[in-house]
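Input: a single structure, listed below in structure tokens.
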Amino acid sequence: MNKLEKDIYNIYIKYENHETIIRKVVALIRREIGFKLLTFMIFNKNQKYAKRIYSSNEKKYPIGKSKKLPNNYWAVMTVQKRRSFVGNNQKVIEKYFYDHKIITSLGCEAILNQVVTYNKKTIGCINILHKKNYFTKIHKKKMTIVSKSVVALFLDKQKDIKQ
């Protein structure tokens with residue numbers, strides 16, 4: 001077990017409250033990877049809707065409202081094929097994200113959408129945004145560890161989303 005895994009397990013051992021666990025995992029992501037914007041999204045069971053359960057910028061990206069998932073390459077790769085998505089420049093963000101103007105206005109030109117999976121199904125996504133060309137294979141590897149640690153939390157939150 002590496003240090004990141006130990007740090008994550010210690011969070012779950014020490015805290016029970018979901019919001020506290022989320023805050024501690026966010027602090028860990030900030031320390032290990034860094035971000036300008038971070039959100040956690042859960043998908044409903046039929047993978048048609050998403051709901052934000054955490055946002056580092058609630059003014060631009062509020063928590064709680066469900067939205068329909070897009071029908072595009074990004075959705076196929078993340079939701080259907082369970083693959084994380086990395087876009088390290090503004091052109092990729094403009095191509096796949098309808099809210100690209102908001103994203104770039106926050107100084108974000110790179111995105112890592114880390115899928116959270118359970119039972120061979122994508123149940124959510126951790127969305128990390130930062131400056132241009134920021135994300136590396138090391139970031140993706142670290143986020144794979146983080147995503148595995150939040151499965152139970154995402155499953156519990158999933159029951160509250162529109163079906």
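The values are calculated or read from the model by the stated rules, or taken from the named source; none is laboratory data. Since the model is a prediction, treat every value here as computed from it, not as a measurement. Heads up, the Cβs are rebuilt from the backbone with ideal geometry, glycines too, and the neighbour counts pull from every protein chain shown. For accessibility, only protein heavy atoms count, side chains too; no ligands or nucleic acids. Shrake-Rupley method; radii C 1.70, N 1.55, O 1.52, S 1.80 Å.
Give the residues of the range 93-132 that are in contact with an Asp or Glu (Cβ under 9 Å, 6 or more places away or on another chain) and open to solvent by 80 Å² or more (accessible area, probe 1.4 Å), sorted by residue number.
Passing the criteria: Lys101, Lys131, Lys132.
Count, please, the residues in the range 57-86 that happen to be of a type in the set (S, T, N, Q) and touching a Phe, Trp or Tyr at 6+ places or on another chain (Cβ under 7 Å).
Of the residues in that region, 3 qualify.
Only residues in the range 1-21 that are among the β-branched types (Val, Ile, Thr) count as the first member; pair them with residues that are assigned to a helix (DSSP H, G or I) and open to solvent by 60 Å² or more (accessible area, probe 1.4 Å), Cβ under 7 angstrom, at least 6 apart or cross-chain, and list the lot.
Ile11/Lys24; Ile21/Tyr12
Suppose the filter is open to solvent by less than 80 Å² (accessible area, probe 1.4 Å) and over 15 Å from Arg52 (Cα atoms); does Lys142 pass it?
yes
Which condition number in (1) within 17 Å of Lys60 (Cα to Cα); (2) of a type outside the set (A, V, I, L, M); (3) assigned to a helix (DSSP H, G or I) is the one that Asn127 fails?
(3)
Could you tell me which of the residues Lys45, Lys59, Lys36, Lys24 is in contact with a helix residue (DSSP H, G or I) (Cβ under 8 Å, 6 or more places away or on another chain), modelled with pLDDT of 95 or more and either open to solvent by 50 Å² or more (accessible area, probe 1.4 Å) or among the hydroxyl-bearing types (Ser, Thr, Tyr) (or both)?
The conditions single out Lys24.
Within the range 8-46, how many residues turn out to be among the small types (Gly, Ala, Ser) and touching a Phe, Trp or Tyr at 6+ places or on another chain (Cβ under 9 Å)?
Qualifying residue count for the region: 1.
Going residue by residue through the range 151-160, is there one that turns out to be more than 16 Å from the chain's Cα centre (by Cα), free of Cβ contacts under 8 Å to residues at least 60 places away in the same chain and part of a loop (DSSP other than H, G, I, E, B)?
yes
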